[in-house]
Amino acid sequence: MAAGQVLVVDDEADIRELLGMTLIRMGLEPQCAGSVSEALSLLGCNTFELCLTDMRLSDGDGLSIVEHITRNHPSLPVAVITAHGSAENAVAALKAGAFDYLGKPVSLDQLRALVRSALKLPRPGAERRDSDAGAQPAAGMPHLIGESPQMAQARQLIDKLARSQAPVQIRGESGSGKELAARLIHLNGARREGPFLAVNCGAIPENLMESEFFGHRKGAFTGALADHDGFFQAASGGTLFLDEVGDLPLSMQVKLLRAIQEKRVRKVGSTSEEPVDVRIISATHRHLADEVKSGAFRQDLYYRLNVIELRMPALRELREDIPRLAAAILGRHAADGRTPRLSAQAVAALQDYHFPGNVRELENILERAVALTSGDEIEVEDLQLTHERAAVPEADIDGLPLPERLEAIERKAILDALERARYNQTAAAKLLGISFRALRYRIQRLGIRQELDAKP
């Protein structure tokens, strides 16, 4: 079997030689180019498994090669080599479609890991994917259900993101399937054989965060009875999914940014750093751009995490998909070989419901309905839907500009939850579906603290 060809583009002969020798030792055949024009010429008459290109070339830049490959050779992974500390170039290349990037001076260990990952990418047509029209996922494989334009768009972007190592920010309401989307990106990508580790950032005590993320050495602090690997080490070779990343305190945001940029971490109590090889996918139910403006989230970390954004639509935007979703959920919750079906009136009621809890709430409603109904058909009363639909604010409420209008809505929701929870903030946070830390920050930002202090 012929060795796979790799295109190496760099205007420095010694770098081309170093990369070429490393690739030969990996059983690959390098083809080298010293300029943009030479690279484009080789691309026109050869078939490559991977392209490695420097960002700065004598007759242009590597970004033009990335864009050319994305347009004309979409199945060819391309990685860029950037100057040390040039985060802007790396992000620009990833946005343009690059598979991954390496910083100078080039670490040969990181180079070999990158090459191995790129060569593991599924080839187009090699397998049916969840994003293909009419594709049937393998038994037991997670998949997105629905044929609406919004769901089809989400599947297409997930498929594209699976062929990259770019950090992805998944945005969507609670219960809209953000973790499922992250798993699909992982399972359809080069890291699918590695671990997928999901972490809820809002559930980790602040004083344990550094140890949980990066690990610790024995004796580093009271209770550290043995060496401990953190999330980055546990996810090595795979994907680290950071759910509710907006809940991270600023002190931890600084350490996370360094780990992402340097691809190295230092355990608590250790004097040396160790390399880590993970892909970061993060998620949040809120707008991190607004958190950046308010000072609650670091701008530099935001740009590192939000290289590409994937938005998961709310269930109320997918009303035509609700019957298909409901049928799949009922099939999973069938009891005693009995799979009740929804009456036409029950389907209409579900399609008319607002679903503040999204797919997670739909599952809960149907699981309860299966338990309540004794027949083969689920009626409207079995669903036990609340009669009040969640209010959707009109565009001209009170004539306020959008930011003030949103703040007023958020303020009222928090005050209502606090009142229902008898001003127990932990209970109110659970009612709102956010972490205690997130609620505390919002109370301070919206000036609710003074009102709470005035309570008897």
So the label point goes 7 Å from the Cα of Asp11 along Cα→C-beta, right? Which residues of the stretch 30-59 then have their backbone N under 17 Å from it? 33-41, 53-59
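Assuming R0 = 56 Å, can you tell me the calculated FRET efficiency for the pair Arg420 and Ala87, based on Cβ-Cβ distance, to the nearest 0.05?
Values: r = 45 Å, r/R0 = 0.80.
Efficiency for this residue pair is about 0.80.
Based on the alpha-carbon gyration tensor of the stretch 5-119 and its eigenvalue square roots a ≥ b ≥ c, which shape applies: rounded if a/c is under 1.5, prolate if not and a/b is larger than b/c, or oblate? Mind showing how you got there, number by number?
Working: a/c = 1.21, a/b = 1.03, b/c = 1.18.
Rounded.
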Amide H of Leu102: which non-local residues (sequence gap of 5 or more, or other chain) have their own amide H closer than 5 Å, using H built in the peptide plane? Val80, Ile81, Thr82
Counting pairs of alpha carbon atoms under 8 Å apart in space and at least six apart in sequence, what relative contact order in percent does the stretch 316-383 give? 41 percent
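Find the Rg to Rh ratio for the stretch 316-383, where Rh is the Kirkwood radius over alpha-carbon pairs and Rg uses the same atoms.
Computed over Cα atoms, the ratio is 0.93.
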In degrees, nearest ten, helix 322-332 long axis to first principal axis of the chain (Cα): 90 degrees
Once phi for every residue in the stretch 110-120 is put through the Karplus expression 6.51 cos²θ - 1.76 cosθ + 1.60 (θ = phi - 60°), the whole-Hz ³J(HN,Hα) values, with Gly and Pro written as x, are 5, 4, 5, 5, 5, 4, 4, 5, 4, 6, 8
Using alpha-carbon coordinates, inclination of helix 149-162 to the longest axis of the chain, degrees: 40 degrees
In 20 Å bins starting at 0, how do the alpha-carbon pair distances of the chain split up by percent? 21, 49, 27, 4
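Can you give the relative contact order of the stretch 149-311 as a percent, counting alpha carbon pairs under 8 Å and 6+ residues apart?
Details: 291 pairs, mean separation 52.8, N = 163.
Relative contact order comes out at 32 percent.
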Pairwise centroid distance, computed over Cα atoms, of the stretch 154-176 with the stretch 261-285, Å: 21 Å
Taking Cα pairs under 8 Å and at least six residues apart, what relative contact order does the chain come out at, in percent? 11 percent
Cα lying deepest toward the dipole's positive end in the chain, options Tyr441, Thr271, Ala296, charges on Cβ: Thr271
Can you compute 3J(HN,Hα) from phi for each residue in the stretch 179-187, using the Karplus curve 6.51 cos²θ - 1.76 cosθ + 1.60 with θ = phi - 60°, rounded to whole Hz and x for Gly and Pro? 5, 4, 4, 4, 5, 5, 4, 5, 5
Pull up the cross-link candidates among the lysines for Lys430, meaning alpha carbon to alpha carbon under 27 Å and not fewer than 8 places away within one chain. Lys178, Lys293, Lys412, Lys455
Provide the per-residue ³J(HN,Hα) series for the stretch 34-41, in order, calculated from phi with Karplus coefficients 6.51, -1.76, 1.60 and θ = phi - 60°, each as a whole number of Hz, with x at glycine and proline positions. x, 8, 4, 4, 5, 5, 5, 5
The answer for Ile308, listing residues at least 5 apart or on another chain whose modeled amide H is closer than 5 Å to its amide H, is Gln169
If each part is reduced to its alpha-carbon centroid, the stretch 34-106 and the stretch 360-382 end up apart, in Å, by 54 Å
Remind me, what semi-axes does the stretch 149-311 give for its equivalent ellipsoid, largest first in whole Å, using sqrt of 5 times each Cα gyration tensor eigenvalue? 27, 18, 13
What length, rounded to one decimal in nm, is gained on full extension from Asn72 through to Ala289, with 0.36 nm per residue of separation minus their alpha-carbon distance? 74.8 nm
Set the Förster radius R0 to 35 Å, insert the Cβ-Cβ distance between Gln299 and Glu379 as r into 1/(1 + (r/R0)^6), and round the FRET efficiency to 0.05. 0.10
Approximate spin-label separation Ser174-Ser107, in nm, with each point projected 7 Å along Cα-to-Cβ: 3.8 nm
Percent of beta bridges antiparallel (DSSP, the chain, rounded to nearest 5): 15 percent
In terms of modelled amide H atoms, which long-range or inter-chain residues lie less than 5 Å from the amide H of Gly238? Arg279
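Here, each number is a calculation from the coordinates, and none is a lab measurement. Computed from a predicted model, the values in this text were never measured in an experiment. Cβ coordinates were reconstructed from backbone atoms using ideal geometry, including for glycine residues, and neighbour counts include every protein chain displayed.
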